[in-house]
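Participant: The structure that follows is given in the form of structure tokens.
Nothing in this text is a laboratory measurement; each read-out follows from the coordinates by a stated rule. Just so we're clear, the structure is a prediction, and the values are computed from it rather than from any experiment. No Cβ is skipped: glycine too gets one built from the backbone with ideal geometry, and neighbour counts run over all protein chains shown.
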Amino acid sequence: MQHTRKSLILLACLMVFCCGVEAQADITLEASLSHLSFPVDQGALLTITVNGASRISTIELPEIAGINFQNRGQSSRINIINGSMSSSLSNNYLVQAQKPGIYTIPPIKVNAGGETVSTKPMSFEVTGTAKEGAPNGDRTDRSSEEVAFIRIPELADHYPGEIVPIRIKAYFNQKYRADINSLPTLRGDGVVMPQLREKPAQTQEMVNGTPFHVLTWDTTLAGIKAGRHPLTFSMEASLLIPQKRRQVLPFGGGLFDDSAFNDPFFDSVFGGAQRKPIDLVSPEAVFNVIPLPTANQPKNFSGAIGNFTLKVSANRQDLEVGEPLKLSVEIAGSGNFDRVEAPSFPDSPDWKTYTPAATFTDQGNSYTGVKVFDQAIVAKNDTVKEILPLSFSYFDPVKKDYVTISSAPIRIKLTKSTIAPATPSLPPQSAAVPAPSVASPEKTSRGIEQMAPLNVQLGDFQREITPLFLRSWFLTLATLCILVLVALFLLQLRRQNLQKHPEKELQRRKSHLLARDLNLVEQAYASGNSLEFLASSRTAMQNQMGLSWNMAPTAISLTSLKGRLGQDSPLVEIFAAADAAAYGGATLSREKMQNYLKIMKKELEALP
Amino acid sequence: MNGRNFCRILLMIISLLLWQSATSQAGVNEEQLFQQGNEAYSRGDHEQAIARYEKLVTASGLSPSVLFNLANSYAQAGKIGRAILNYERALRLAPGDSDISGNLELVRKESGLFADTPRGAAKVFHLLSLNQWAMLGLLALIAFTLFQAASIKFRLRTKTRIIVRIGCLMLLLIAAAGTAIRYQGFKPSVVIAADARLLISPFESATSVGAIQEGRLVFQQKDHGPFTYVRDETNRQGWILSSSLEAVVR
């Protein structure tokens, strides 16, 4: 088994070696220029591709008068097809010329995999600057579009204040490295655009077979005055041109001549990049703003342009006269919501109205959403049966006409007010305080003048406003109740426990009684009164026996004691002595009493 | 020794006299300021009245009467936000005062500041004030405790015991819920700026959600720099300049 595994490993190594040998054996070289003709202020990309080598030792670039080569990095590619592996390495160089002319790149020698191969000579033409060469701008646009450009959609005719959604797209060729320095700005008069968000949507697109990074901003335009307004969008960016590192060979070549630090990777990381500012400008577009028609313009038109719906609702329908009602007017749709105003409530002597408060909720952008106006209205008399319909007018740019939409009347049920009208009465102390004669500011109204008068009693002061349940007396009382409840609960538990186990209660009573009786016996012993000692001893025995045998203590006699405990019990002796003392007045010595006390404690505590 | 005792007693008497004089002086000042405020209000000099009452509040604290008069002065001066702020404060100190609630209602109505009427369960909990719910809860707790104590001493019918216990506990539970719900609305702030706006983001150039009326009660949710995120009585939410607000309970 082990032998088989070794054989397999050897076979695999052999195959890899063979492949390597095969790969080394087929080294080919290709060189290409991206443009065979380019302006002097631009450049072409020279790509040298070595097939069949995993590593390039040196590329000897020729020295041509007036031509600069700038390393643009290296890329590698490995293909495995049907088990055969091939690799290719590509080195890119930006070729720039100092003056126009026809140039030839002589064969470039490349040392790879121990072999030296050469490219074929290549000729190219360098023309004058882009402006000189293409006064009509066609060439400029075409060559700058290779790096980056801006595209905007076609613009149609619009109305002043109309919100026109627009998508601005900035394209950046993926072959080049670029940074954006600013957001797209609008160049043009008579049109406004809101501030763009800083993070655009990022996608990739192919333009004429070339992959581009695309930054997209969705925004809106609005014309502020009628007329033709040419406009463009521009943005600033920087083209990053990698710089070749200056080679420092402290040891004069030799061992370090072909070191890994000569890899072009380090040119891009450590070599830095030259920033070449580029200005992206979109093609010019014309934003034609045509005036709104004056014919058939509704009186309540406030400048709203778009497409809207109207919905009116009331928060209640059964109410008393004088009670406030909240009217919610919802205007939904798309358009210039900043010009959407609350439909005015029709003038009516039956209603008192207040200024509405507006709330706008957008649906992802500023021109679609719902604007809600909450307006308080108060019915003045009970003859009112419905809330009057409200109307809203807007201009529809698609229909190119004004549209007026109205709500349906809302039925309501009004009853007479049950609250008597407030008649402020001054308290006796305030009789000297006349009603305010100076009508203050314009905001005061008749209603406010009907306010309850001033307080004339100073009252108690408090440092802070504390709710009742946080005041100390409240907390103390609540805590006390909770403690009492806990105590009652524990008591109840104990009671239930004793009821479940009656023997425990009996034991507890016996212990309690024994302690009390023995205390009396000890007192008699301490006083040396043998009669009292024996009498209390007899009572103690009777109490304990009575509880143990479930008999009345007085029913316990010497006979019953003898019968239950036996003749030899020391308690029988003490009981007999007590009986004798009770009838014959016998006395006991102190030692005897001490002995009896000890016996009695031991025997009575041991009783079941 | 006797001399030392005499000195101590003398020092105590002097301190007592000084303290009494100081407190009576403060009482006189409070009374004077209050009267001056009332007189200014009666003359129609509401700004002067406001100054006197504000001074009194700063020096001595909060009194329902002073806050009520101050709120009346603000209302007469057309400063609806501050009027409502002081009525709300006065109402928290004297929840049952019909003059305060009446004037507050009048000012709100005149300014078109209507809040959503509570519905369903919320309507039930709005039948009593925070303090009334708290007091009801305490009474239920006391009744429950007394009944528990009595049931140990006296033998009561099981049915009676169960009914009374469940009744007390239900009342306690409802009162606790009422207290909790009403406490949520105990610490609002009042919009005191006349031109306040609700914004969608906490910076000045942010898009406005809409105007918010002076005197509108709002509940603070969070802060960010000079802005506070609030929810108003009508459940609108947005950022507002913190300087446009003043808390009813500080």
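Participant: Using a cut-off of under 15 Å, list every residue of the stretch B:63-80 whose amide N is near the label point 7 Å from the Cα of B:GLU233 along the Cα-to-beta-carbon line.
Facilitator: Only B:80 pass the distance filter.
Participant: For a quick size check, give me the Cα extents of the stretch B:121-184 along its three principal axes, largest first, whole Å.
Facilitator: The principal-axis extents, from largest down, are 42, 18, 13 Å.
Participant: Going highest first, how would you order A:289-298, B:44-53 by mean Cβ packing within 10 Å?
Facilitator: Details: A:289-298: 12.5, B:44-53: 20.6.
So the order, starting with the most tightly packed, is B:44-53, A:289-298.
Participant: In whole Hz, what ³J(HN,Hα) sequence does the stretch A:324-339 give by Karplus (6.51, -1.76, 1.60; θ = phi - 60°), x for Gly and Pro?
Facilitator: Each residue's phi maps through the Karplus curve to give x, 10, 9, 9, 9, 10, 9, 10, 10, x, 9, x, 7, 5, 5, 9 Hz.
Participant: Additional query: Counting every Cα pair in the stretch A:294-415, what percent are over 18 Å apart? Don't skip to the answer; put the middle values down first.
Facilitator: On the way: 3893 of 7381 pairs.
Summing the P(r) tail past 18 Å for the stretch A:294-415 gives 53 percent.
Participant: Work out, step by step, the length gained on full extension between A:GLU464 and A:GLN202: first 0.36 nm times the residue separation, then minus their alpha carbon distance; give nm to one decimal. If you can, show how the numbers build up before the last one.
Facilitator: On the way: separation 262, 0.36 × 262 = 94.32 nm, distance 5.64 nm.
Full-extension gain reported as 88.7 nm.
Participant: What translational diffusion coefficient, in µm²/s and rounded to a whole number, does the Stokes-Einstein relation yield for chain B at 20 °C and a viscosity of 1.002 mPa s, taking the hydrodynamic radius as the Kirkwood radius over Cα pairs? Kindly include the intermediate steps, with their values, before the conclusion.
Facilitator: On the way: Rh = 22.0 Å.
My calculation gives 98 µm²/s for D.
Participant: May I have the pair-distance distribution P(r) for the stretch B:189-247, computed from all Cα-Cα distances with 10 Å bins from 0 and rounded to whole percent?
Facilitator: P(r) for the stretch B:189-247, in whole percents per bin: 28, 65, 7.
Participant: Could you compute the FRET efficiency for A:SER560 and B:LYS159, with r as their C-beta to C-beta distance and R0 at 41 Å, rounded to 0.05? Please list the in-between numbers first.
Facilitator: Numbers: r = 48 Å, r/R0 = 1.17.
It comes out at approximately 0.30.
Participant: What is the set of long-range amide H partners of A:ARG72 at a cut-off below 5 Å, with H atoms built 1.01 Å from backbone N?
Facilitator: A:ASN92, A:TYR93, A:LEU94
Participant: How long, wide and thick is the stretch B:101-232, going by the Cα atoms along their three principal axes, in whole angstroms, largest first?
Facilitator: 74, 33, 22
Participant: Also: Take peptide B:64-77, look around each residue's Cβ out to 10 angstrom, count Cβ atoms belonging to other protein chains, and average those counts. Don't jump to the answer; show the numbers that get you there.
Facilitator: Values: counts 6, 8, 4, 3, 6, 5, 1, 1, 7, 3, 0, 7, 10, 4.
Mean number of neighbouring Cβ atoms from other chains: 5.
Participant: Here's another thing I want to ask about it. State, to one decimal in nm, how far the label point of B:ARG43 lies from the label point of B:ILE200, with both points 7 Å from Cα in the Cβ direction.
Facilitator: Distance between label points: 5.2 nm.
Participant: Over the whole of A:313-319, what's the average partner chain Cβ count within 10 Å per residue? Rounded to a whole number, please.
Facilitator: Working: counts 0, 0, 5, 2, 0, 0, 1.
Mean partner shielding for this stretch: 1.
Participant: Search the structure for amide H atoms under 5 Å from the amide H of A:HIS35, placed 1.01 Å from N in the peptide plane, and list their residues when 5 or more places away or on another chain.
Facilitator: Amide H to amide H, under 5 Å and 5 or more residues apart or across chains, A:HIS35 pairs with A:LEU45.
Participant: What are the ³J(HN,Hα) couplings of the stretch B:227-232, residue after residue, when phi is run through the Karplus curve with 6.51, -1.76, 1.60 and θ = phi - 60°? Round to Hz, x for glycine and proline.
Facilitator: 10, 10, 8, 10, 10, 9
Participant: Further question: Normalising by the residue count of the stretch A:22-132, find the relative contact order in percent from Cα pairs under 8 Å and 6+ residues apart.
Facilitator: Numbers: 259 pairs, mean separation 37.3, N = 111.
Across the stretch A:22-132, relative contact order equals 34 percent.
Participant: Two decimals is fine: what is log10 I(q)/I(0) at q = 0.17, 0.20, 0.22 Å⁻¹ for the stretch B:2-110, from a Debye sum with one equal scatterer on every Cα and no solvent?
Facilitator: Normalising to I(0) and taking log10 leaves -0.77, -0.97, -1.10.
Participant: Let me ask something additional. List the residues whose amide H sits under 5 Å from the amide H of A:LEU155, counting only those 5 or more places along or on another chain, with H placed 1.01 Å from N in the peptide plane.
Facilitator: Answer set, sorted by chain and number: A:VAL286.
Participant: How charged is the neighbourhood of A:ASN519? Take every other residue with its Cβ under 15 Å from the Cβ of A:ASN519, and add Lys/Arg as +1 and Asp/Glu as -1. Don't skip to the answer; put the middle values down first.
Facilitator: On the way: positive: A:LYS510, A:ARG516, A:LYS601; negative: A:ASP517, A:GLU522, A:GLU532, A:GLU605.
Result for the neighbourhood of A:ASN519: -1.
Participant: Round to the nearest 0.05 the FRET efficiency obtained for A:ALA576 and A:SER527 when R0 = 25 Å and r is the Cβ-Cβ distance.
Facilitator: Values: r = 23 Å, r/R0 = 0.91.
Taking R0 as 25 Å, the efficiency between A:ALA576 and A:SER527 is 0.65.
Participant: Taking the Cβ-Cβ separation of B:PHE147 and A:ASP347 as r and a Förster radius of 60 Å, what is the calculated FRET efficiency to the nearest 0.05?
Facilitator: E(calc), rounded to 0.05, equals 0.40.
Participant: While we're on this one: Given the convex hull over the Cα atoms of the stretch A:502-606, what projected area results after averaging over all orientations, in nm²? Spell out each step's value before the answer.
Facilitator: Working: hull surface 24.7 nm².
Value for the stretch A:502-606: 6.2 nm².
Participant: May I pose another question? Once phi is turned into ³J(HN,Hα) by the Karplus curve 6.51 cos²θ - 1.76 cosθ + 1.60 with θ = phi - 60°, what whole-Hz value does each residue of the stretch B:131-141 show in order, with x for glycine and proline?
Facilitator: Karplus-based 3J(HN,Hα) across the stretch B:131-141 equals 5, 5, 5, 5, 5, 4, x, 5, 4, 5, 5 Hz.
Participant: Computed on alpha carbon atoms, what radius of gyration and Dmax characterise the stretch A:341-397, expressed in Å?
Facilitator: Final numbers for Rg and Dmax: 14.6, 45 Å.
Participant: With N set to the number of residues, divide the alpha-carbon radius of gyration of the stretch A:43-114 by 2.2 N^0.38 Å and report two decimals. Don't skip to the end; give the middle numbers.
Facilitator: Working: Rg = 14.7 Å, N = 72, 2.2 N^0.38 = 11.2 Å.
Compactness ratio reported: 1.32.
Participant: At 0.36 nm per residue, minus the direct Cα-Cα distance, what do A:HIS501 and A:SER76 gain on full extension? Give it in nm, one decimal, please.
Facilitator: Net length gain for the segment: 143.8 nm.
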